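Participant: Okay, here's the structure, questions in a sec.
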Amino acid sequence: MTTQTTATVQPDAQPTVQPATQTGGKPTIRFYGGPLVALLPLAVFLGFCIEFFVVLKAFDMGVLAMAALSALLVTALFVRTDGGTKQDGAVTQDGATKRDDRAAKRDGAASSRAHYWNAVYAGVREATPIVILLLAIGMFSQLIKSANLSGGFLWIAQHVGVSGGLLSALIFLFVCIIATATGSSLGTMFTAFPIFYPAGVLLGAHPAFLAAAIVGGAIFGDNLAPISDTTIISASTQHYSGDRRSTADVGGAVRTRFKYSAVAGTATFLLLALFGGSGSGSVAGSVGSAGGDGMTGGAAFANSAVAADPKTLLMLLPVALMLGAVVLTKDLYLSIILGILSGAGVGLAAGILGVQDIVSVKDGAPAGFLFEGVNSMMSTVILVIAVYGIMGVLQAAGLLDALLSRLGRSRFGASARGTELIIMVGITVTTLLFGGVTSASMTTFGKVCDGLGQRAGLHPYRRANLLDGFANGLAVCIPFLSVFVFIGSSLTSGYAENGVAAVSVVELSAHMVYPALLFLVLLGSVLTGWGRIYERGRGE
């Protein structure tokens, strides 16, 4: 039985959250319209996601945070408030018994609403470790961004003297390293496209393959980096059996998933080197001639808005220290501290950073990577808090238990392989529904993955790796349904005057090599059992 947090309230009192055994008990929340109304917050959340990310193409994590909070507020209006205890007895002349009945109904209504919000609080309480980690990691991530690490790779690109497919492969490798260092997929894309895309195409790289290489490299880092929000969410949602306080450590999850990323990444590098040069077609043809005019790497990259600086490659030292500490100590907080201290030290000593880049005030506004790192994570933090609140409502309404019970009794749920196939389909569909926003899909489906995996005895590392890997697989390749494809395509536009054509969402989707290979590698792992580990006691 899984220990969960639920609410204990008194009428007209402030809600309080106390630990109790919830799973397997009777639902504590009832809704007008029946139990399925508990799915309303997910429906409202999903509606906002589709409207803003797919229809309006407004890509902002703040929108998702607003959507999740709005969903909770709307659903609160449907909580049944007619559950008060009716008082029996004769009606006296002064109507005392009627007044007692009305008071009991008011108390019952207040208690029902309090139970709803207590369920939200109980869900949010489970998000506390993730929230603290995200805020701390934001500081280190912003440190690396402030140090202009991408400028070091731009300097390498100017001097390697390669073109065509090999350049596409090298750019994929560069972006993988940058994304792993910063832990931000979308942030890496916004940084890498202006640097590498137009220059790479002018040097003979196939436009669609090059764009897909940049997107794939960003996804590689997002899936593998210990400081990535998705890595933290995937690990922190997977608990050890019988211990709700203990989750998969990030270092162990990264260590055990590296082999999948390495196989898919190596295959992607080779395929890009072979096929990533300019080919036939309108887009490739229009830019292929531009790359054949003898333009050198230095000339092609000369117009980049990012300054090429080999010194910034020194910032790979604190990145390596942080990654090594995570794997060796399994203490992410200690690793972040070491990364920030060493990064600030190296940056100051090398002249890459100034004291004002750490913390300062500019034009009356706070600045520096410490503040900006925390500030950059606020939308994601609010999103995680709100989605966990939604999961708390589903838990209290009994829907999560019902779903886990039905899936567990299915033919697939009877075996470890079948359970992993359920996880594969579940997280893939959830990610599609959320427009490829993997942090939201993993937070939403994480509880289901946790419950199913525990029933099958799968180790939390294995569950976390399947959750994160399949979320970053085929689901992020679908045109018109993936934020990665939309943003990647939009970032290829604006270079027509230089002879560099844009790549459509359909073209980009068809050339997304790395996510497709990662999906196939993980599917092979599920079918063959490669890398499958079971929980024994605490799993050590």
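Participant: Does segment 437-458 contain at least one residue that is without any contact (Cβ under 8 Å) to a residue 60 or more places away in the chain, in contact with a Ser or Thr (Cβ under 9 Å, 6 or more places away or on another chain) and more than 30 Å from Ala65 (Cβ to Cβ)?
Facilitator: The answer is yes, given that some residue of segment 437-458 is without any contact (Cβ under 8 Å) to a residue 60 or more places away in the chain, in contact with a Ser or Thr (Cβ under 9 Å, 6 or more places away or on another chain) and more than 30 Å from Ala65 (Cβ to Cβ).
Participant: Taking segment 511-535 as the search range and keeping residues that are crowded, with 16+ Cβ neighbours inside 10 Å and hydroxyl-bearing (Ser, Thr, Tyr), which one is nearest to Arg455 (Cα to Cα)?
Facilitator: Per the stated criteria, the residue is Ser525.
Participant: If you scan segment 137-162, which residues turn out to be under 14 Å from Phe174 (Cα atoms), under 23 Å from the mean Cα position of the chain (by Cα) and not small (Gly, Ala, Ser)?
Facilitator: Correct list: Leu149 only.
Participant: Next up: Given the residues Ala136, Ala122, Ala127, which is the only one that is surrounded by fewer than 23 Cβ atoms within 10 Å (Cβ to Cβ) and within 21 Å of Leu383 (Cα to Cα)?
Facilitator: Ala136 is the lone residue from the list that is surrounded by fewer than 23 Cβ atoms within 10 Å (Cβ to Cβ) and within 21 Å of Leu383 (Cα to Cα).
Participant: Same structure, new question: Got a sec? Which helices (runs of 4 or more DSSP H) wholly within segment 135-250 have at least 2 residues that are closer than 18 Å to Leu272 by Cα?
Facilitator: 164-182, 185-202, 207-224
Yes/no matrix, rows are residues, columns are (1) part of a helix (DSSP H, G or I); (2) under 14 Å from Ala218 (Cα atoms); (3) in contact with a helix residue (DSSP H, G or I) (Cβ under 9 Å, 6 or more places away or on another chain):
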{"residue": "Leu452", "(1), (2), (3)": "yes, no, yes"}
{"residue": "Arg455", "(1), (2), (3)": "yes, no, yes"}
{"residue": "Tyr461", "(1), (2), (3)": "yes, no, yes"}
{"residue": "Leu467", "(1), (2), (3)": "yes, no, yes"}
{"residue": "Ala475", "(1), (2), (3)": "yes, no, yes"}
{"residue": "Phe484", "(1), (2), (3)": "yes, yes, yes"}
{"residue": "Ile487", "(1), (2), (3)": "yes, yes, yes"}
{"residue": "Ser493", "(1), (2), (3)": "no, no, no"}
{"residue": "Glu497", "(1), (2), (3)": "yes, no, no"}
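Participant: Right, another one. Pairs only if they're at least six apart or on different chains, beta carbon under 9 angstrom, first in segment 402-417 and under 25 Å from Met391 (Cα atoms), second of a type in the set (S, T, N, Q) and at pLDDT below 75; list them, first residue then second.
Facilitator: Leu404/Thr23
Per-residue answers, yes or no, for (1) modelled with pLDDT under 80; (2) loosely packed, with under 14 Cβ neighbours inside 10 Å; (3) touching a strand residue (DSSP E or B) at 6+ places or on another chain (Cβ under 9 Å):
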residue: Ala273; (1), (2), (3): no, no, no
residue: Ala290; (1), (2), (3): yes, no, no
residue: Gly294; (1), (2), (3): yes, yes, no
residue: Ala300; (1), (2), (3): yes, no, no
residue: Leu314; (1), (2), (3): no, no, no
residue: Gln356; (1), (2), (3): no, yes, yes
residue: Val359; (1), (2), (3): no, yes, yes
residue: Pro366; (1), (2), (3): no, yes, yes
residue: Val381; (1), (2), (3): no, no, no
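Participant: Could you list, in sequence order, all residues of segment 403-431 that are surrounded by fewer than 17 Cβ atoms within 10 Å (Cβ to Cβ) and within 20 Å of Ile233 (Cα to Cα)?
Facilitator: Result: Val425, Val429.
Participant: While we're looking at this one, here's another question. Return a yes/no flag: does segment 523-533 have any residue that is assigned to a loop (DSSP other than H, G, I, E, B) and touching a Pro at 6+ places or on another chain (Cβ under 7 Å).
Facilitator: No, every residue in segment 523-533 fails to be assigned to a loop (DSSP other than H, G, I, E, B) and touching a Pro at 6+ places or on another chain (Cβ under 7 Å).
Participant: When you go through (1) among the polar types (S, T, N, Q); (2) in contact with a Pro (Cβ under 7 Å, 6 or more places away or on another chain); (3) free of Cβ contacts under 8 Å to residues at least 60 places away in the same chain one by one for Asn472, which number turns out not to apply?
Facilitator: Status for Asn472: all satisfied but (3).
The values are calculated or read from the model by the stated rules, or taken from the named source; none is laboratory data. No experiment lies behind these values; they were computed from the predicted model shown. In this analysis, Cβ positions are derived from the backbone assuming ideal geometry, glycine residues included, and neighbour counts consider all displayed protein chains.
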